[in-house]
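Scroll down for the structure; my scribbles are underneath it.
The values are calculated or read from the model by the stated rules, or taken from the named source; none is laboratory data. Every value quoted in this text rests on a predicted model; they were computed, and no experiment measured them. Cβ atoms come from the backbone with ideal geometry, glycine included; neighbour counts cover every protein chain shown.
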């Protein structure tokens, strides 16, 4: 029973694989969002637009920042390609300034934020 609970959902692994394959596009889009953020512009609509286009990848990104320990623990038990690990780590390092904004968006839509 514990094995079943600890198993990483197949759709999450697929989304992680998609994220890795589309990393150039994703990083470019987030570079643009981060640029706006660094200028003090509101990026909520940009994040919503990204999530609307790539909901599965957005979920992976949110989990990278807000469930990192859980994700790394579970993925450590799966056969995740090293390349996918590297993409995930690189994204987290490069866009850590946006973690709070992503969290506020998600929490706000759950009725718990802003």
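So which residues in the stretch 31-72 are more than 13 Å from the chain's Cα centre (by Cα) and buried (at least 16 other Cβ atoms within 10 Å of the Cβ)? Of everything in the stretch 31-72, those that are more than 13 Å from the chain's Cα centre (by Cα) and buried (at least 16 other Cβ atoms within 10 Å of the Cβ) turn out to be 33, 34, 37, 43, 46.
On the basis of being at pLDDT below 95, farther than 14 Å from residue 20 by Cβ and not in a helix (DSSP H, G or I), does residue 113 make the cut? For residue 113, the condition - at pLDDT below 95, farther than 14 Å from residue 20 by Cβ and not in a helix (DSSP H, G or I) - is met.
Residues that are within 13 Å of the chain's Cα centre (by Cα) and closer than 15 Å to residue 16 by Cα within the stretch 73-101 comprise 84, 85, 87, 88, 89, 90, 91, 92, listed in sequence order.
For residue 100, state whether it is modelled with pLDDT of 85 or more, more than 23 Å from residue 37 (Cα to Cα) and assigned to a helix (DSSP H, G or I). Lay out the reasoning, then the answer.
Details: modelled with pLDDT of 85 or more: yes; more than 23 Å from residue 37 (Cα to Cα): no; assigned to a helix (DSSP H, G or I): yes.
Against the criterion (modelled with pLDDT of 85 or more, more than 23 Å from residue 37 (Cα to Cα) and assigned to a helix (DSSP H, G or I)), residue 100 does not qualify.
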